[in-house]
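Novice: Questions regarding the structure given below will be posed in turn.
The values are calculated or read from the model by the stated rules, or taken from the named source; none is laboratory data. Computed from a predicted structure; not experimentally measured. Cβ placement follows ideal geometry from the backbone for every residue including glycine, while neighbour counts extend to all protein chains displayed.
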Amino acid sequence: MTADALIAAAFLAGFFGSTHCIAMCGAIVVLFEQSRSDSGAHWARRLLYNAGRLGFYALLGGIAGSAGTVVSATAGLGILRVVAGLLVIALGLNLIFDWQSTRFLERAGSIVWKRLAPLSRYVLPVNTPLRALGAGFVWGALPCGLVYSAVALAATSGSPGHGAITMSFFWLGTLPMLLLAGASGERLKRWSGNRGMRRVAGALMIAIGIYAVFPLVMPSPDATHQHHAVPSSGA
């Protein structure tokens, strides 16, 4: 799978799956809504919270990309590309049918969350810029199947840099919903959660996945021709 296709799939998964993010992060959104006495400070903290999420996602993507390079060195880059394509197809099916086929990845996320969860006591209440930034970083580790599906995609990117970029575009997809969470985000939530829109996005992701996988699992015409060619007899 090309880097562009991987980034596009991560962004689509983030944007159309972000209604699920609201459900996961609802309690955090309430914390921000309760501190709206100063609207300027409120929005600054919300921006910093999302900047913290970006930092954690990019770090996680870089680590996943590094792990992927080890796998590609032993099993081959083609294997990673097939896995990436299949993951994108699974995410597309999730969008269309509201499946949770990648929920098993939450188990990996729960390991990370157990390590970081104790730090949450240092960022509550979210009443300063530094705590808002820290809250975004810590709560970015919540064991969400959608997030760790994107991490799995980042692992197939082939390098730490591409892994970080993949997760950054996933974050960008989730940003509108989480930034505008609350009354101002209801219209966006209805639009991204619209059944028809989710089906279109899911179909596009499935097409991207098939486009990535098909050339890797099907023999090329040249290889087929050489296999069936009759060797010429020596003089």
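Novice: Scan region 190-209 and tell me whether some residue there is among the basic types (Lys, Arg), surrounded by fewer than 22 Cβ atoms within 10 Å (Cβ to Cβ) and at pLDDT 80 or above. Outline the logic, then answer.
Specialist: So the first thing to find is which residues in region 190-209 are among the basic types (Lys, Arg), and the list is 190, 195, 198-199.
With surrounded by fewer than 22 Cβ atoms within 10 Å (Cβ to Cβ) added as a condition, the list becomes 190, 195, 198-199.
From the residues that got through so far, the ones that are at pLDDT 80 or above too are 198-199.
Looking through region 190-209, at least one residue is among the basic types (Lys, Arg), surrounded by fewer than 22 Cβ atoms within 10 Å (Cβ to Cβ) and at pLDDT 80 or above.
Novice: Here are 154, 117, 132, 141: which of them is crowded, with 21+ Cβ neighbours inside 10 Å and farther than 17 Å from residue 61 by Cα? Working first, answer last.
Specialist: Details: 154 fails: farther than 17 Å from residue 61 by Cα; 117 fails: crowded, with 21+ Cβ neighbours inside 10 Å; 141 fails: farther than 17 Å from residue 61 by Cα.
Answer to the selection: 132.
Novice: Got at least one residue in region 69-83 being under 28 Å from residue 212 (Cα atoms), within 14 Å of the chain's Cα centre (by Cα) and assigned to a helix (DSSP H, G or I)? Before you say what the answer is, go through the steps one by one.
Specialist: Going through region 69-83, the residues under 28 Å from residue 212 (Cα atoms) turn out to be 69-83.
Still in the list and also within 14 Å of the chain's Cα centre (by Cα): none.
Checked against the condition, which is being under 28 Å from residue 212 (Cα atoms), within 14 Å of the chain's Cα centre (by Cα) and assigned to a helix (DSSP H, G or I), region 69-83 yields no hits at all.
Novice: For region 84-138, what are the residues that are in a loop (DSSP other than H, G, I, E, B) and either at pLDDT 90 or above or over 17 Å from the mean Cα position of the chain (by Cα) (or both)? Full working, then the answer.
Specialist: Looking only at region 84-138, we keep the residues that are in a loop (DSSP other than H, G, I, E, B), and these are 98-104, 123-128.
Hits for region 84-138 are 123, 124, 125, 126, 127, 128.
Novice: To continue, here is another question. Condition check: buried (at least 19 other Cβ atoms within 10 Å of the Cβ) and among the hydroxyl-bearing types (Ser, Thr, Tyr). Does residue 102 satisfy that? Break it down into steps so the answer makes sense when it comes.
Specialist: On the way: buried (at least 19 other Cβ atoms within 10 Å of the Cβ): yes; among the hydroxyl-bearing types (Ser, Thr, Tyr): yes.
Against the criterion (buried (at least 19 other Cβ atoms within 10 Å of the Cβ) and among the hydroxyl-bearing types (Ser, Thr, Tyr)), residue 102 qualifies.
Novice: Can you pull out every residue in region 31-54 that is modelled with pLDDT of 80 or more, surrounded by 17 or more Cβ atoms within 10 Å (Cβ to Cβ) and not polar (S, T, N, Q)?
Specialist: Once the filter is applied, which keeps residues that are modelled with pLDDT of 80 or more, surrounded by 17 or more Cβ atoms within 10 Å (Cβ to Cβ) and not polar (S, T, N, Q), region 31-54 yields 45, 46, 48, 49, 52, 53, 54.
Novice: Checking residue 81 against (1) surrounded by 19 or more Cβ atoms within 10 Å (Cβ to Cβ); (2) within 28 Å of residue 177 (Cβ to Cβ), which single condition isn't satisfied?
Specialist: So residue 81 meets the others, but not (2).
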